[in-house]
Amino acid sequence: MNVFNIQLNETTYKTGSQVNGVLKILRGGGLSLRDVSINVEGKESTTIIKSENFTNPNSHSTQTRPVTYSEENKFFNLDLSQFIFNAKEIGEQFYEIPFNFILPDTLLPTFHSTNANISYELTAIWQKNGLVTKNRQLLFWLFLLRMSLILKK
């Protein structure tokens with residue numbers, strides 16, 4: 001195991017659902033708990049690849065080239081620093097800091113295709129004296145909560 005790790009109770013979620021996770025820190029793993037801050041953040045990444053026409057300046061001919069558009073949006077950020085000294089000791093090897101948050105209803109579902117991708121990740125960031133020293137990322141899947149309407153006569 002790494003010096004610290006992030007774990008979620010599931011790998012697949014629906015919009016609006018609660019995500020429960022835990023940050024595990026290896027005791028004596030070379031990371032001092034003094035003067036540190038630990039943040040957990042959720043991020044949505046979207047990438048679209050589109051073919052666009054352009055004029056080649058040398059030949060003056062029209063050609064097609066792929067253009068990539070990317071966007072990242074942070075939808076969750078939690079500072080776990082205040083919980084470091086209340087961390088639960090698991091055996092003699094680990095500290096454990098639980099956390100949870102609700103996924104916004106406005107998120108799009110995870111999607112992967114040749115020309116478009118929407119993905120979600122949770123990142124734990126370990127900072128000491130303002131410098132990022134360790135980073136852990138965990139991907140998860142998001143599906144839309146489908147609602148069906150039943151009309152009564």
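Quick notes on this one:
- Hz values of 3J(HN,Hα) by residue in the range 105-115 - Karplus curve (6.51, -1.76, 1.60), Gly and Pro given as x: 5, 8, 6, 7, x, 4, 8, 9, 8, 4, 10
- For Ala116, residues with placed amide H under 5 Å, excluding near neighbours: Ile49
- Taking amide H atoms as placed 1.01 Å from N in the peptide plane, the amide H of Phe101 lies under 5 Å from those of Val19, each 5 or more residues away in sequence or on another chain.
- Take the Cα of Glu10, step 7 Å toward its Cβ, do the same at Asn58, and the gap between the two points is 5.4 nm.
A short reminder: the numbers here are calculations on the coordinates, not readings from a lab. Everything numeric in this text was worked out from a predicted model, so none of it was measured. Counting neighbours? That spans all protein chains shown, and the Cβs are built from the backbone with ideal geometry, glycine included.
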